[in-house]
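Single-structure report; data block below.
The values are calculated or read from the model by the stated rules, or taken from the named source; none is laboratory data. Worth saying up front: this structure is predicted, and the values here are computed from it rather than measured. Every residue, glycine among them, receives a Cβ derived from its backbone with ideal geometry; neighbour counts consider all protein chains shown. Calculation scope for accessible area: heavy atoms of the full protein, side chains included, ligands and nucleic acids excluded. Shrake-Rupley method; radii C 1.70, N 1.55, O 1.52, S 1.80 Å.
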2 protein chains.
Amino acid sequence: MIPANVLKRLRAIIGSPNLLTDNADRQCYAYDAANLIYTPEAVAFPADATEISQILQLANEYHFPVTPRGAGTGTTGGALPVQGGLILVTTRLNRILEIDPDNFIAVVQPGVITGSLKSAAAKFGLFYPPDPSSANFCTIGGNVAENAGGSAAVKYGVTRDYVLGLTVVLPTGEIIDTGVRTAKGVVGYDLTRLIVGSEGTLGVITRIILRLIPQPAARQTLLAGFTDLHFATQTVGRILQARLTPSALEFLDRTSLECVRELLPFPIPEATQALLLLEVDGHPHDVRERAEAMESFCRAQNAALVMTADGADETAKLWQARKLVSPASFKLNPHKLSEDVVVPISRIPDLVARVEAISRDAKLPILCFGHAGDGNIHINVMYDRQQVSQAQAAATAVKNIFVVVRELDGTLSGEHGIGITKSPYLGLELSAAAIDLSKRVKKAFDPHNIMNPGKIFVPPSISTGVHDI
Amino acid sequence: MIPANVLKRLRAIIGSPNLLTDNADRQCYAYDAANLIYTPEAVAFPADATEISQILQLANEYHFPVTPRGAGTGTTGGALPVQGGLILVTTRLNRILEIDPDNFIAVVQPGVITGSLKSAAAKFGLFYPPDPSSANFCTIGGNVAENAGGSAAVKYGVTRDYVLGLTVVLPTGEIIDTGVRTAKGVVGYDLTRLIVGSEGTLGVITRIILRLIPQPAARQTLLAGFTDLHFATQTVGRILQARLTPSALEFLDRTSLECVRELLPFPIPEATQALLLLEVDGHPHDVRERAEAMESFCRAQNAALVMTADGADETAKLWQARKLVSPASFKLNPHKLSEDVVVPISRIPDLVARVEAISRDAKLPILCFGHAGDGNIHINVMYDRQQVSQAQAAATAVKNIFVVVRELDGTLSGEHGIGITKSPYLGLELSAAAIDLSKRVKKAFDPHNIMNPGKIFVPPSISTGVHDI
């Protein structure tokens, strides 16, 4: 519990209006996209790194947990105060400090919406490629903390590949700069990339230096429907093997397709069992040639449907097939366990086949869709929490999926992180020695374990206001 | 000192022929490209991770230093046993374990020569882009330890950007796997990239999983000579601003040019004050268009010379202008202090102008050349160690260069690392809090400080066989 006198000191640091302690206010910051509830004791909206430093110094003195939060769009519970304490919201640190077109750099505060950064860069003909599905409402600080990915990762990589440097308030209150604002830099340990993806457990990010690249001159989108899933996954492999370098290569299995079919503004032939959404970008000649080659590959695999987009409106229309899957999935069942495993591309057909078997065993619908081009498959196990047997079957299905993923040389998470929802399975991927080492690294940053405790390595405490809806 | 009974146990672990203790043998492993000498007490050639684990366990028991070494091509003293102890050479771990063209992955041991990996990948139509100048003799393990770069970094990034996962023997002897063999992965802290660039201080790398990309279909090289340095540096900015995405954009200042002029197989007009070496790669249409655009930019800046290469032989001929600089520089003076600072691209003209002033003050020739496209400028201060005043002037010049680089928002090192030669200047770039944190991270890995001690953070001990030639 945060004592009353400490709350008073917090108010003195950030100003009374910026500390919420009313029950109704606290409930607004009790959940994120993991669909779980953990109510914080208080919610703070600091203005800058100095205030954050003072807050963390207090937390060290009084040993209360501090959980940083951007927009709360994470799906593994990274922003949940599982051990109570303070939620530290970055909303007020929401300025794009600088876009430097001469040096292809942006400097931003963590509360900037990712989509705003992308638009601001585009005005200079520059491109910030990472594009998590939540780009229009997630924050860049959260993206850095989770190392967010997206559809463009198949060509352009993930958030990590664009972070050059950070300002971070350490859990002990020191404010440090890491990294560089140049293209290269190898001075000292790579603290920048250690903090990227550390899920808010190693400090609070207050400033981010990002690399930008030139906007591609042209882009072409295609949607292809296949009468057999294997035709679709084979097409993925052939497109990559032919070095066509797609800037998106997304897929939907039959269950995903059935969720969105009725919602789409264009008809999908009845026999279609799987969809691929393909995009190429770059030099106009090159885009045309590669788009034609992709279309040929699809037709050679008996595609029942190939649509190409002309202009932004048609492109957006084709993308609906992919973007509607996640919201539409709830028509199958009211709850989901959402995983984002990755396997080597050549093992995608094995993965999908084995997930189908797991779905049959569990008697639950399981959707496979997502970033086929980099092997990062979103697997959604749909169930009803009210039915105990379904909840158990869903949990068992997830465990079985992870075991299969490891057998296929894959990883448990490509972009969502571990948070609390995957933390029980960490040992399926990391050895005891690697976990012990990581805990020692955590301790080097955070000796009193005040910074987002209960994440990644340990199952959450169920003693502090834990309430699973 | 390593006690005699410990040497006996080392022999038992790796076999007598694989432990060298003769004085003559030890001298062969007493230097690297930093041009300094520190003689090790013994030199070990282990066969695999298990033997390395046993060696490190012994080192922990008896507290002797272990310094890992690839080919010894590092320029900041990373492979020098500055506190004595054992040199651990990775020569016997020299196998390419796997090239997986379906998944664009290579798995290699650390002693593989970087050039061999590049050739092996090329046989599959795949490309491993990092190209340190020493690619034909340096090892990939050393590249990972130092986060090596090269000319292609302007388009393709550095070694870090290609490392997906590692097997590492921790200083305490545990063997851990880090990272993934998939395109994405965010499970736990990013130990992979913490170890990349850690200069052999956090463990011994025994296996590396690397990302490969498609070989570009076409490539074009140009050499341009300018009558004024500012025309050259302006051309760099304009080419980048025009989004021409060169795959190399190297420059030579007048002093560098004078070193190589007589050695080149083609004449350079007398009035030439600076050279640019430019390369584009990719789709053939695109390459042709961009090469033509680059040529126009050069001619618009009054280039006195523009040569384009046709075929591999001519390409190699043009590259000689760049590759001969470093060896040819010794005709100016017998010794050099070689720095590899980076500044934002727009600050290159400022940097070169201020280095010219420093050169005048120091009364020493200073060369500026290298990777203009990413701001990574190699600055070589040429002097004669036998002349005390020159040695002092050279050291002062380096210090002044670093101060200027920091004023220009730059970094002390883009690809060479800190080692021992830059360690006195670390505080010019990292705050005390960042350095303290890094030392705590080091301690989390290496509680007894046996792994390459005396590097990065602390000036080398001068008590143990130190001998500066």
Checklist entry - Filtering the stretch B:260-277 down to residues that are in a helix (DSSP H, G or I) and of a type in the set (A, V, I, L, M), which residue is most open to solvent (accessible area, probe 1.4 Å)? => result B:L263
Item to check | From B:L337, B:L351, B:L305, residue being in the same structural domain as B:F369 (by TED's automatic domain parsing) and over 27 Å from B:P129 (Cβ atoms) | outcome: B:L337
Checklist outcome for this item: For A:G15, the lone unmet condition from (1) in contact (Cβ under 8 Å) with a residue 60 or more places away in the chain; (2) on the phi > 0 side of the Ramachandran plot is (1)
Next on the checklist: Filter the stretch B:244-259 down to the residues that are touching a residue at least 60 places away in the same chain (Cβ under 8 Å) and in a loop (DSSP other than H, G, I, E, B) and list them by number.
Outcome noted: B:T245, B:P246, B:S247, B:D253
Checklist outcome for this item: Of B:L244, B:L264, B:L240, B:L305, the only residue that is within 20 Å of B:A152 (Cα to Cα) and in contact with a Leu (Cβ under 8 Å, 6 or more places away or on another chain) is B:L240
Checklist entry - Which ones in the stretch B:284-300 are out of contact with any Ser or Thr (no Cβ under 9 Å at 6 or more places or on another chain) and more than 14 Å from chain A (Cβ to nearest Cβ)? => result B:S296, B:R299
Checklist entry - What residue, among those in the stretch B:152-185 that are touching a Lys or Arg at 6+ places or on another chain (Cβ under 8 Å) and small (G, A, S), is farthest from the other protein chains (Cβ to nearest Cβ)? => result B:G165
Checklist outcome for this item: By residue number, the members of the stretch A:40-73 that are in contact (Cβ under 8 Å) with a residue 60 or more places away in the chain and open to solvent by 30 Å² or more (accessible area, probe 1.4 Å) are A:D48, A:T50, A:Q54, A:Q57, A:Y62, A:H63, A:A71, A:T73
Checklist outcome for this item: Note on the stretch A:431-454: residues under 19 Å from A:T76 (Cα atoms) and in contact with an Asp or Glu (Cβ under 8 Å, 6 or more places away or on another chain) are A:N452
Checklist entry - Looking at A:A434, is it surrounded by 16 or more Cβ atoms within 10 Å (Cβ to Cβ) and away from every other protein chain (no Cβ under 14 Å)? => result no
Checklist outcome for this item: Among (1) basic (K, R); (2) facing chain B (nearest Cβ under 10 Å); (3) more than 22 Å from the chain's Cα centre (by Cα), A:K123 falls short only on (2)
Item to check | All positions within the stretch A:18-33 that are farther than 21 Å from A:T76 by Cβ, open to solvent by 50 Å² or more (accessible area, probe 1.4 Å) and assigned to a strand (DSSP E or B) | outcome: none
Checklist entry - Which of the residues belonging to the stretch B:118-132 are buried (at least 19 other Cβ atoms within 10 Å of the Cβ) and farther than 17 Å from B:R219 by Cα? => result B:A121, B:P132
Checklist entry - Within the stretch A:367-386, is even one residue free of Cβ contacts under 8 Å to residues at least 40 places away in the same chain, in a loop (DSSP other than H, G, I, E, B) and within 14 Å of another protein chain (Cβ to nearest Cβ)? => result yes
Next on the checklist: Test of understanding: among A:I96, A:I105, which residue is more than 18 Å from the chain's Cα centre (by Cα), of a type in the set (V, I, T) and buried (at least 22 other Cβ atoms within 10 Å of the Cβ)?
Outcome noted: A:I105
Checklist outcome for this item: B:V342: passes all of (1) at pLDDT below 95; (2) within 11 Å of chain A (Cβ to nearest Cβ) but (1)
Next on the checklist: Show the residue pairs meeting these rules: Cβ distance below 7 Å; 6+ apart or different chains; first residue within the stretch B:223-243 and at positive phi; second residue open to solvent by less than 20 Å² (accessible area, probe 1.4 Å) and among the acidic types (D, E).
Outcome noted: none
Item to check | Near pairs, Cβ below 8 angstrom, 6+ apart or cross-chain, from the stretch B:287-305 (at positive phi) to any residue that is among the aromatic types (F, W, Y) | outcome: B:N302/B:F226; B:N302/B:F231
Checklist entry - Any chance the stretch B:214-232 includes a residue that's over 18 Å from B:I348 (Cα atoms), of a type in the set (D, E, K, R), open to solvent by 10 Å² or more (accessible area, probe 1.4 Å) and within 11 Å of chain A (Cβ to nearest Cβ)? => result no
Next on the checklist: I'd like to know if the stretch A:204-211 contains one or more residues that are open to solvent by less than 10 Å² (accessible area, probe 1.4 Å), farther than 30 Å from A:H448 by Cα, assigned by TED's automatic domain parsing to the domain that holds A:A106 and not in a helix (DSSP H, G or I).
Outcome noted: yes
Checklist entry - Out of all the residues in the stretch B:396-419, is one or more at negative phi, assigned to a loop (DSSP other than H, G, I, E, B), surrounded by fewer than 24 Cβ atoms within 10 Å (Cβ to Cβ) and more than 14 Å from chain A (Cβ to nearest Cβ)? => result no
